[in-house]
């Protein structure tokens, strides 16, 4: 467990899967995810098996509200490349349809960043978001991730094209 002031990051349990699947399938959140298809219980169970395999290249956590122990969302480091010490950074708050906020998401993201750099000894955390995702853009700016590039017109949503924005943070980057 990784404990903060407002949230705790803990292993995802099988009992969390129905709620995580409901949030994952919420069209208002799903439009921001790279996997845009609705998932079913079989898909969710396969994902759970993959992240819990002893040789998994994914470190996923449930975000739990510290004072009530309520499941709030999920975060993790995916596609970990141990040779190049990099990982894809992932986070969302499904609780109360928050998605991203300045309290729970920021604290969970900071805990995940510190875990990646200080515990796993990673050098680079990166993420891809779509240009329509203003909330995550604010989050990554706040976390001092650097915008490294843009792939234009990669995602079709709402009858228009959106670009992929790539952000990264290095363990050697100075943070305030």
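Within the stretch 65-97, the set of residues being in contact with a helix residue (DSSP H, G or I) (Cβ under 7 Å, 6 or more places away or on another chain), assigned to a loop (DSSP other than H, G, I, E, B) and either over 16 Å from residue 16 (Cα atoms) or touching a residue at least 60 places away in the same chain (Cβ under 8 Å) (or both) comprises 94 only. For the stretch 132-172, the tally of residues that are in a strand (DSSP E or B) and touching a strand residue (DSSP E or B) at 6+ places or on another chain (Cβ under 9 Å) stands at 22. Could you count how many residues in the stretch 4-17 are touching a helix residue (DSSP H, G or I) at 6+ places or on another chain (Cβ under 8 Å) and over 13 Å from residue 74 (Cβ atoms)? Selection size over the stretch 4-17: 4.
For residue 56, the conditions (1) surrounded by fewer than 16 Cβ atoms within 10 Å (Cβ to Cβ); (2) touching a strand residue (DSSP E or B) at 6+ places or on another chain (Cβ under 9 Å); (3) in contact (Cβ under 8 Å) with a residue 12 or more places away in the chain; (4) part of a loop (DSSP other than H, G, I, E, B) are fulfilled apart from (3).
The lone criterion from (1) more than 30 Å from residue 156 (Cα to Cα); (2) part of a helix (DSSP H, G or I); (3) in contact with a strand residue (DSSP E or B) (Cβ under 9 Å, 6 or more places away or on another chain) left unmet by residue 49 is number (3). Among the residues here, residue 9 does not qualify as under 23 Å from residue 132 (Cα atoms), outside any helix (DSSP H, G or I) and at pLDDT 90 or above.
Test each condition in (1) in a loop (DSSP other than H, G, I, E, B); (2) in contact with a helix residue (DSSP H, G or I) (Cβ under 6 Å, 6 or more places away or on another chain) for residue 33 and report the one that comes out false. All conditions are met except number (2). With the condition kept exactly as written, say whether any residue in the stretch 115-122 is part of a helix (DSSP H, G or I) and within 17 Å of residue 29 (Cα to Cα). Checked against the condition, which is being part of a helix (DSSP H, G or I) and within 17 Å of residue 29 (Cα to Cα), the stretch 115-122 yields no hits at all.
The rows are residues; the columns are (1) under 16 Å from residue 112 (Cα atoms); (2) at pLDDT 95 or above; (3) surrounded by 15 or more Cβ atoms within 10 Å (Cβ to Cβ).
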| site | (1), (2), (3) |
| --- | --- |
| 124 | yes, yes, yes |
| 143 | yes, no, yes |
| 148 | no, yes, no |
| 153 | no, yes, no |
| 164 | no, yes, yes |
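Using the structure shown, decide if residue 119 is in contact with a strand residue (DSSP E or B) (Cβ under 9 Å, 6 or more places away or on another chain) and modelled with pLDDT under 95. So residue 119 does not fit the description; no. Kindly indicate whether residue 99 is under 19 Å from residue 29 (Cα atoms) and either modelled with pLDDT of 90 or more or out of contact with any strand residue (DSSP E or B) (no Cβ under 8 Å at 6 or more places or on another chain) (or both). Spelling it out, it is not the case that residue 99 is under 19 Å from residue 29 (Cα atoms) and either modelled with pLDDT of 90 or more or out of contact with any strand residue (DSSP E or B) (no Cβ under 8 Å at 6 or more places or on another chain) (or both).
The values are calculated or read from the model by the stated rules, or taken from the named source; none is laboratory data. Since the structure is predicted, the reported quantities are computational estimates derived from the model, not experimental observations. Cβ sites come from the backbone with ideal geometry, for glycine too, and all protein chains shown count toward neighbours.
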